[in-house]
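J.: I'd like to ask you about the structure that follows.
What follows draws every value from the coordinates through simple rules; no lab data is involved. Being a predicted model, the structure only gives us computed values, none of them experimental. Note that each Cβ is placed from the backbone with ideal geometry, even for glycine, and that neighbours are counted across all protein chains shown.
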Amino acid sequence: MTTMGMGATHFGSPLTNTDLASKGIFSPMITARHKVLAHLKKSRAASAREIARALKMSAPNVRHHLSVLCSDGRVESTEVNNREGRGRPEKLYSLSQAALGDNLSALTEALLTESSPRLNVEALAGHILNSSQFANLPITKRLVLLIEKINEMHYQARWEASAEGPRVILGRCPYAKVIAGHPELCKMDAAMLKNALGNQVEQTAKMENLHGVCIFAMR
């Protein structure tokens, strides 16, 4: 027997929210959050009270959904004076920049295409990661600091020792939207790692279609 809803199963296999969505079946929780997001997209900013009134939902319910949406980065809040002119300040909620989206990938693509014949990957690497902070550090501390710094840039990186020397493993490409047309960005990554570690590095593995990892071995 097939059961539908949260945690639903189909022939013994769990159905994800994506599966439910593809079948036109949504949990009330997900549908309610979509309504909150749609309202914020339309109104640009609103309090929990205003959202509850517009969507005919209870204020505690709306606050719960807003808390979840804030925690996953789709919504942000600011505190303002009560717009009815009395009582304590209230929070206004709006879609985050991440949820709204931007045109940065198109701009990046255009800039890279325009400058590609004369692009200096060494200089670009130096602008992205200042190598002076690694000066006079032993190699292990350089590696630890390097991983910390590039993970702030969303590389999901780690390093590991090997018989041939340390390897830096990049679990994610933060340039995924433009890398296919601009493989020179891999050379920029190599230059960035070389400058930080003070040693030559060689790329020994590359993500294919955003699967796998990129590996740079220190030589």
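J.: So which residues in the range 97-128 are among the acidic types (Asp, Glu) and free of Cβ contacts under 8 Å to residues at least 24 places away in the same chain, if there are any at all?
T.: Just the residues of the range 97-128 that are among the acidic types (Asp, Glu), to begin with: 102, 109, 114, 122.
Selection gives Asp102, Glu114.
J.: For Lys91, all conditions in the list (1) in contact with a His (Cβ under 9 Å, 6 or more places away or on another chain); (2) outside any helix (DSSP H, G or I) hold save one; what is the number of the exception?
T.: (1)
J.: For the range 168-211, which positions are in a strand (DSSP E or B) and in contact with a strand residue (DSSP E or B) (Cβ under 6 Å, 6 or more places away or on another chain)? Walk me through how you get there before you give the answer.
T.: Step one: filter the range 168-211 for residues in a strand (DSSP E or B), giving 168-170, 201-205, 208, 211.
Val168, Ile169, Leu170, Val201, Glu202, Gln203, Thr204, Ala205 - these are the residues of the range 168-211 that are in a strand (DSSP E or B) and in contact with a strand residue (DSSP E or B) (Cβ under 6 Å, 6 or more places away or on another chain).
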